[in-house]
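This report concerns only the one structure given below.
Nothing in this text is a laboratory measurement; each read-out follows from the coordinates by a stated rule. A quick note: this is a predicted structure, and the numbers were derived from the prediction, not measured. Note: ideal-geometry Cβ built from the backbone for every residue, glycine included; neighbour counts use all protein chains shown.
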Amino acid sequence: MTSNLTSADTTPSLISPAIHPNLIAEYPPADSPLKLGIMASGNGSNFEAVAQAIQDGQLNAQIKVLIYNNPGIKAAARAEKWGVPAVLLNHRDYKRREDLDTAIVDTLRQYEVEWVVMAGWMRLVTPVLIDAFPDRIINIHPSLLPSFKGVRAVEQALEAGVKIAGCTVHLVCLEVDSGSILMQAAVPVLPDDTLETLHARIQVQEHRIFPQAIALVGQSRKRGGERGRGRGGEVVH
Ligand code: GRF
């Protein structure tokens, strides 16, 4: 059989990741736990859902550190309960968003974090963080994206009168709530729903799909480094 390969076909970007010389350095053995750094601004129930999934053997990962920005939040208490180091980086102590993100990146590196998981992180992020972990930052958002981006997503859904709401796990890019979608779950909106009842129904699904989506990106790593770019994204019924 003759080969139709041209010189362009042999450029580094076209070499299969499975035989790429950087593979060994970049990707640890397939069965090694994902090293997670979780960022939270409030309650931390999603942090706890991830910790529980790890304990239950549903997610092969370690939470190396929790970074939080509001003193005294419940997420920090949950980290203590689970024996996870918690680092307070109070955004009020930093003049610029970039300075906060530099401190975050330094902390994540110090704890040898591989994947960054935003679990209710309520600050806008800058290229300082995004460029330090390209395609390795995951967020959970309480709407079926691309609907209802940004703050007050559940309120937006109620105001719009939608009959189906839900949550989305996605990769983080500079534009808010706009990165590749990894997984989604839907819930009904009931006629007498309030913000609290609808958010509670959505959170049940968040706690189910967040660990699953993290496992999904872990599997993409095993497959040879697609880095969870959103290919293979899933809807969970
Ligand atoms: C969740 O609803 C998540 O979708 C949003 O912030 C909320 C965090 O909840 N990004 P918790 O702090 O994990 O309980």
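Around ASN70, what is the net charge, scoring Lys/Arg as +1 and Asp/Glu as -1 over all other residues with Cβ under 13 Å from its Cβ?
Details: positive: LYS74, ARG92, ARG123; negative: ASP93.
Result for the neighbourhood of ASN70: +2.
How high is the FRET efficiency from VAL162 to GLN219, r the C-beta distance, R0 25 Å, rounded to 0.05? Mind dumping the intermediate values first?
On the way: r = 32 Å, r/R0 = 1.27.
Between VAL162 and GLN219 the formula returns 0.20.
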Inset, instruction - Only residues of the stretch 97-128 count here: report those whose backbone N is under 17 Å from the spot 7 Å along Cα→Cβ of SER32, or say none. - result: 109-116
Inset, instruction - Check the straight Cα-Cα distances from LYS35 and name the lysines below 30 Å, setting aside those fewer than 8 residues away within the same chain. - result: LYS64, LYS74, LYS81, LYS95, LYS149, LYS222
Legend entry - Ranking of LEU182, LEU129, LEU216 by count of other Cβ atoms within 10 Å, fewest first: LEU216, LEU129, LEU182
Inset, instruction - Please list, in chain and number order, the residues 5+ apart from SER41 or on another chain whose amide H is under 5 Å from its amide H, with Hs placed from the backbone. - result: TRP121, MET122
Inset, instruction - Starting from the Cα of ALA186, step 7 Å along the direction of its Cβ; do the same at GLN110; then give the gap between the two resulting points in nm. - result: 4.5
Legend entry - Positive-end residue of GLY57, VAL117, THR107, charge dipole of the stretch 32-226 with Cβ unit charges: GLY57
Legend entry - Exposure proxy order (Cβ contacts within 10 Å, fewest to most) of HIS91, HIS199: HIS91, HIS199
Legend entry - Ranking of VAL125, VAL176, VAL117 by count of other Cβ atoms within 10 Å, fewest first: VAL176, VAL125, VAL117
